[in-house]
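Visitor: Questions regarding the structure given below will be posed in turn.
The values are calculated or read from the model by the stated rules, or taken from the named source; none is laboratory data. Owing to the predicted nature of the structure, the values given are computational and were not obtained by experimental measurement. Glycine also receives a Cβ, built like all others from the backbone with ideal geometry; neighbour counts cover every protein chain displayed.
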Amino acid sequence: MTSVPTLDEIRATRALIDRHVLTTPIHTWRGREIGEAMGSTEPVLKLELFQHTGSFKARGAVAVMLNLSKEQLGRGVVTISAGNHAIATAYAAKTAGTSAKVVMAKNANPTRVARAKAYGAEVVSAENVVEGFELVKKIEAAEGRSFVHPFEGPWTSKGTGTLGLEFSDQAGPLDAVIVPIGGGGLASGVSTAIKLAQPSCKVYGVEPAGADAMSRSFKSGKPERLEKIDTIADSLAPPFTTPLAFELCRRHIDEIVLVDDQALRRAMALLFREMKLAVEPAGAAATAGMLGPLKSRLEGKRVGLIVCGANIGAADFAEAVRLGEAG
């Protein structure tokens, strides 16, 4: 049986990680373009892109790290990531005084690789994400390092739960919260906290159409694996879902909607024009969901959007915005 975090456990996790994470701000989005697009809907942004390491991932990584034993810390940690979790694990390892080895696909964003190295991580290249998970197992066995999973585990969900609870406390009553979904590390914690704090609030997940593992898992009722991934939102594109994150998402998320890459680009461009935010594709997913498949049902509602990260190189960001403004 899945153990669902309680609000007391999430609050205790926040106290545990408090010295190493930021309370990120919220902002009610008002502007000509968003007003024309959404009418009387009131979007409230949770600006988690301002978190240490540039994404929400620091919360879960630090929570996991601070629950390792002295002996485990002495042997170091290992992880696999498209980038955000690699950076966060490197940061968390540095704060805990241990070493991190991070496995990244050879085509990983160079900006993210550089940031992970800047926090002291050793970066190991893998052909792709699937081979990367196998390489992590080999490193665990050979070096005795503890695996800091990118999206699965009770402390990961409690860590991201601190984001949901923080948002609820800051924003007050919300009719809906929209959260990006990849493997479910973010969504499992945020949705749990929101439903515990505001039971009547709807929680919607937004997933890339080209990496719809969680949507498929919801339909089948069990964790699923993807044979193909095709999306610009690489931080929302794990090859599979996992039991705990899936179960917490299934319990607490009312619906998952899909958005294509061009919708993500358009949302990135809008966030830049009106909010002056340079977000990665995943950071624009909630906005894309609100403007697209969720638009009609959110009319006149007070809606929370998780802006989850901004780890993207300047050239990649500029090209995405250019394409997004083109149509």
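Visitor: Select from the stretch 1-47 the residues that are part of a loop (DSSP other than H, G, I, E, B), surrounded by 15 or more Cβ atoms within 10 Å (Cβ to Cβ) and of a type outside the set (S, T, N, Q) and list them in ascending order.
Guide: 4, 5, 21, 29
Visitor: Picking from 48, 33, which residue would you name as being touching a Gly at 6+ places or on another chain (Cβ under 8 Å), in the same structural domain as residue 270 (by TED's automatic domain parsing) and of a type outside the set (Lys, Arg)?
Guide: 48
Visitor: So residue 101 clears everything in (1) in a loop (DSSP other than H, G, I, E, B); (2) not assigned by TED's automatic domain parsing to the domain that holds residue 184 except one condition, right? Which one?
Guide: Here residue 101 clears every test but (1).
Visitor: Another question about this same structure. Residue 178: part of a helix (DSSP H, G or I), among the β-branched types (Val, Ile, Thr) and closer than 25 Å to residue 9 by Cβ, yes or no? Walk me through it before giving the result.
Guide: Values: part of a helix (DSSP H, G or I): no; among the β-branched types (Val, Ile, Thr): yes; closer than 25 Å to residue 9 by Cβ: yes.
Answer is no for this residue.
Visitor: Select, from 258, 305, 294, 244, the only residue that is surrounded by fewer than 24 Cβ atoms within 10 Å (Cβ to Cβ) and part of a strand (DSSP E or B). Walk me through how you get there before you give the answer.
Guide: Working: 305 fails: surrounded by fewer than 24 Cβ atoms within 10 Å (Cβ to Cβ); 294 fails: part of a strand (DSSP E or B); 244 fails: part of a strand (DSSP E or B).
Every option except 258 fails the conditions.
Visitor: Taking residue 90 as the residue in question, decide whether it is over 16 Å from the mean Cα position of the chain (by Cα) and either modelled with pLDDT of 95 or more or over 12 Å from residue 312 (Cα atoms) (or both).
Guide: Here the answer is yes, as residue 90 does meet what is asked.
Visitor: Quickly run through the stretch 181-224 and pick out the residues that are among the hydrophobic types (A, V, I, L, M, F, W, C) and either in a strand (DSSP E or B) or touching a Pro at 6+ places or on another chain (Cβ under 6 Å) (or both). Quick ask: steps written out before the conclusion?
Guide: Of the stretch 181-224, the ones among the hydrophobic types (A, V, I, L, M, F, W, C) are 181, 186-187, 190, 193-194, 196-197, 201, 203, 206, 209, 211, 213-214, 218.
Matches in the stretch 181-224: 203, 206.
Visitor: Residue check, residue 145 against (1) at pLDDT below 95; (2) more than 18 Å from the chain's Cα centre (by Cα); (3) buried (at least 19 other Cβ atoms within 10 Å of the Cβ), all met but one. Which one?
Guide: Just one mismatch for residue 145, condition (1).
Visitor: Going through 110, 180, 199 one at a time, which residue ends up being closer than 22 Å to residue 308 by Cα and assigned by TED's automatic domain parsing to the domain that holds residue 237? Steps first, answer last, please.
Guide: Values: 110 fails: assigned by TED's automatic domain parsing to the domain that holds residue 237; 199 fails: closer than 22 Å to residue 308 by Cα.
None of the others qualify; the one that does is 180.
Visitor: Among all residue pairs at least 6 apart or on different chains, which show Cβ distances below 6 Å where the first residue, located in the stretch 225-239, is within 14 Å of residue 131 (Cα to Cα) and touching a residue at least 40 places away in the same chain (Cβ under 8 Å) and the second is aliphatic (A, V, I, L, M) and surrounded by fewer than 19 Cβ atoms within 10 Å (Cβ to Cβ)?
Guide: Close Cβ pairs satisfying both conditions: 239/130; 239/226.
Visitor: Something else: So which residues in the stretch 88-104 are surrounded by fewer than 24 Cβ atoms within 10 Å (Cβ to Cβ), of a type outside the set (Val, Ile, Thr) and at negative phi?
Guide: Matches in the stretch 88-104: 94, 96, 99, 101.
Visitor: Based on this model, can you work out whether residue 113 counts as under 25 Å from residue 281 (Cβ atoms), touching an Asp or Glu at 6+ places or on another chain (Cβ under 9 Å) and either at pLDDT 90 or above or not in a loop (DSSP other than H, G, I, E, B) (or both)?
Guide: So residue 113 fails the test.
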